[in-house]
Amino acid sequence: MEKSFDQLLSLNVDEGCIVEYVWIDGYDAVRSKGRYLKNIPSKASDLPDWNYDGSSTNQASGEDSEVIIKPQRIFPDPFRGKPNLLVMCDTYTPNGEPLKTNTRFECERIMNQAKDLKPWFGLEQEYFLINPNTGKPLGFPNDKDPEPQGPYYCGVSGSKMFGRDIADAHFKACVYAGIKISGINAEVAPGQWEFQVGPCVGIEEGDELWMGRYLLQRIAEMKGLDVNYDPKPVKGDWNGSGCHSNFSTKPMREKDGYQNAIIPALEKLSKKHKEHIAAYGIGNEDRLTGKHETASIEQFKWGVADRGASCRVGHDVEKKGYGYFEDRRPAGNCDPYVVTMMLVKTCCLED
Ligand code: ADP
Ligand code: MN
Ligand code: MN
Ligand code: MN
C-alpha cells in the first residue's frame with residue numbers, strides 16, 4: 001500500500017542510524033546537518049569528525065572556509081526516534097585550533113580544573129514564542145497591547161495562555177533525549193515560557209542547555225514560529241527574558257556551606273561584577289533596570305529571598321545552613337558555556 005507523508009517520516013531505519021550534528025555558529029545560534037552511519041555509536045567518540053562551510057555561518061572566509069566539528073555529547077533524537085541520534089559538537093580549524101566562537105573548549109578546561117569541587121548548575125531559560133508574520137509574541141494582538149502583566153505567570157486560561165502545546169512538547173522531547181530538564185512554567189508576559197535544565201555537573205550544563213534550545217527551535221519551527229531569547233524583546237512594561245543560573249559546589253552543599261562557601265563566593269562575585277556582566281549576554285542593560293524583578297546593572301547586590309538582587313540565596317538555604325545560590329544576572333541570550341565557566345573561575349579558582 002502506498003505510504004502517506006507522515007508514515008514516510010516515521011519509517012524505522014533497519015540498519016545503522018541517522019545522526020544530526022549540532023553546533024554553535026558565528027551568531028551565537030545553533031545549526032545542524034544530518035548524516036547516515038552504518039554502525040550505531042554508543043558514545044560521542046565513536047562518531048567521526050565532520051565539517052561544514054564556515055563562510056556561511058560567519059566563522060570563516062570564503063577562501064579557507066572549512067570548519068571541523070568534533071562530536072562531544074550524544075542524545076537520543078526525539079524527532080527521528082531511536083536508534084537515531086543528535087550530537088552536540090564543537091568547532092575547530094583544519095589545524096585543530098578551537099574557533100574563537102568555541103566557548104565549550106575553554107569551559108571544559110576550567111571545569112577540569114575545578115573537578116574536585118563538583119560544580120552543579122541549574123539554568124532557567126526564559127524565552128518568547130514569536131509569530132513571524134507580526135513579529136510579536138504569541139498572544140499579542142496586532143493593533144494593541146494585551147491585558148497588562150498579572151494573569152500570565154503559571155496561568156491557566158483559554159483566553160490568556162499561548163503556546164502551551166509547544167512548551168509541553170518540548171518538555172517531553174527533552175526527557176526523551178535524556179536532557180536533565182527539571183521543569184517548565186508559563187512566564188510573566190503572554191507567549192513567554194521558561195524551562196530549567198539541571199542540576200547538571202560541570203560541562204554537562206552547557207551541552208544540555210544548548211541542545212534544549214535546539215529542540216525548542218525545532219518544535220517551534222514545526223508550528224511556523226520563532227523562538228526569541230533576547231533580554232528585552234518587547235519594549236514597554238513587559239518582563240524581559242533572563243537565564244537565572246543556580247550554582248553550588250560540594251563545600252556549599254555540605255554542613256555550614258552557607259557560611260563557609262556560599263557567602264565567600266558571593267563576596268568574590270561582588271568584586272568581579274563588571275567582568276560577569278560583560279559575559280552574561282548582549283543587550284542585558286535593557287533588562288537589568290532594577291524593575292521587573294531585576295537588580296540594576298550598575299551595582300552588585302546579594303540577598304536572601306530577594307528577587308531584586310543580583311544574586312539570591314533561598315530561605316531554606318539560610319535556614320539549613322547549606323545549599324546553592326542563584327545568579328539572576330545572565331540574559332536569556334547568554335552562552336551557558338561562558339556563564340558556567342565564569343562562575344567556576346571567579347568562585348572556585350580565584351582568591
Ligand atoms: P526559581 O525558584 O528561581 O524559579 P527554578 O525552580 O526555576 O527556580 O530553577 C532552579 C534550578 O536550580 C533547577 O534547575 C534545579 O534543578 C537547580 N538546582 C537545585 N538544586 C541545585 C544545586 N544544589 N545546585 C545547583 N542547581 C540546583
Ligand atoms: Mn524559575
Ligand atoms: Mn523565570
Ligand atoms: Mn529564578
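Computing the accessible area with a 1.4 Å probe over protein heavy atoms, can you report the carbon and sulfur percentage for the chain?
The computed percentage sits at 49.
Which one of Pro336, Ile166, Phe121 is farthest out on the positive end of the charge dipole of the chain, using unit charges on Cβ (Lys, Arg +1; Asp, Glu -1) and the Cα centre as origin?
My answer, from the dipole projection, is Phe121.
Find which of Val156, Pro231, Asn260 sits farthest along the positive direction of the dipole of segment 112-349, computed with +1 on the beta-carbon of Lys and Arg, -1 on that of Asp and Glu, about the Cα centre.
The one lying farthest along the dipole's positive direction is Asn260.
How large is the accessible surface per residue of the chain, computed with a 1.4 Å probe and reported in Å² as a whole number?
So the chain comes to 48 Å² accessible per residue, rounded to a whole number.
What ³J(HN,Hα) values, in whole Hz, does the Karplus curve 6.51 cos²θ - 1.76 cosθ + 1.60 give for segment 290-307 when θ = phi - 60°, with x put for Gly and Pro?
Computed from phi, the couplings for segment 290-307 are x, 9, 6, 6, 10, 9, 4, 5, 5, 9, 7, 8, 10, x, 8, 6, 9, 7 Hz.
When the scattering of segment 208-351 is computed by the Debye formula from its Cα atoms alone, each counted once and equally, what is log10 I(q)/I(0) at q = 0.13, 0.14 Å⁻¹?
One equal scatterer on each Cα of segment 208-351 leads to -0.60, -0.69.
Using 0.36 nm per residue, how much length does the chain from Arg35 to Gln7 gain when fully extended, once their Cα-Cα distance is taken away?
8.0 nm
Put a dot 7 Å past each Cα toward the Cβ at Lys100 and Ser45; how far apart are the dots in nm?
Placing both labels 7 Å along Cα→Cβ, they lie 3.2 nm apart.
Between Ile263 and Ser159, take the C-beta separation as r, use R0 = 45 Å, and let me know the FRET efficiency to the nearest 0.05.
It comes to 0.45.
For segment 63-73, in order, what is each residue's ³J(HN,Hα) by Karplus, 6.51 cos²θ - 1.76 cosθ + 1.60 with θ = phi - 60°, in whole Hz (x at glycine and Pro)?
Residue by residue, segment 63-73 yields 6, 10, 9, 6, 10, 8, 10, 10, x, 10, 9 Hz.
Which three numbers, in whole Å and largest first, are the semi-axes of the equivalent ellipsoid of segment 2-101 derived from its Cα gyration tensor as √(5λ)?
28, 15, 11
Run the dipole for segment 2-101 about the Cα centre, Lys and Arg Cβ at +1, Asp and Glu Cβ at -1, nothing else charged, and hand back the magnitude in debye, nearest 20.
The calculation lands at about 360 debye.
What's the local net charge at Arg307, with K and R +1, D and E -1, over the other residues with C-beta under 12 Å away?
That sum, taken over residues with Cβ under 12 Å, equals +1.
Can you check what the Kirkwood hydrodynamic radius comes to for the chain, Cα pairs only, in Å to one decimal?
It is 21.4 Å.
Can you tell me what percent of all Cα-Cα pairs in segment 159-259 are more than 24 Å apart?
Across segment 159-259, Cα pairs with separations above 24 Å total 31 percent.
Dipole of the chain (Lys/Arg Cβ +1, Asp/Glu Cβ -1, origin at the Cα centre): which of Gly34, Gly16, Pro78 lies farthest to the positive side?
Final value for the positive-end residue is Pro78.
Taking only Cα atoms and a 10 Å spring cutoff, compute GNM fluctuations for the chain and point out the largest among Val19, Val339, Val175.
Of the options given, Val175 has the highest mean-square fluctuation.
As an exercise, take the mean of 1/r over every pair of distinct alpha carbons in segment 74-208, invert it, and state the Kirkwood radius in angstroms.
17.5
In debye, nearest 20, what is the charge dipole magnitude of segment 112-349 about its Cα centre with +1 on Lys and Arg Cβ and -1 on Asp and Glu Cβ, if you could check?
Dipole of segment 112-349, to the nearest 20 debye: 420 debye.
Extension gain Glu147-Asp168, at 0.36 nm per residue separation less the Cα-Cα distance, in nm?
In short, 5.2 nm is gained.
The values are calculated or read from the model by the stated rules, or taken from the named source; none is laboratory data. Quick caveat, the model's predicted, so the values are computed rather than measured. Note: ideal-geometry Cβ built from the backbone for every residue, glycine included; neighbour counts use all protein chains shown. Please note that ligands, DNA and RNA were not included when accessible areas were found on the heavy atoms of the full protein model with its side chains. Shrake-Rupley method; radii C 1.70, N 1.55, O 1.52, S 1.80 Å.
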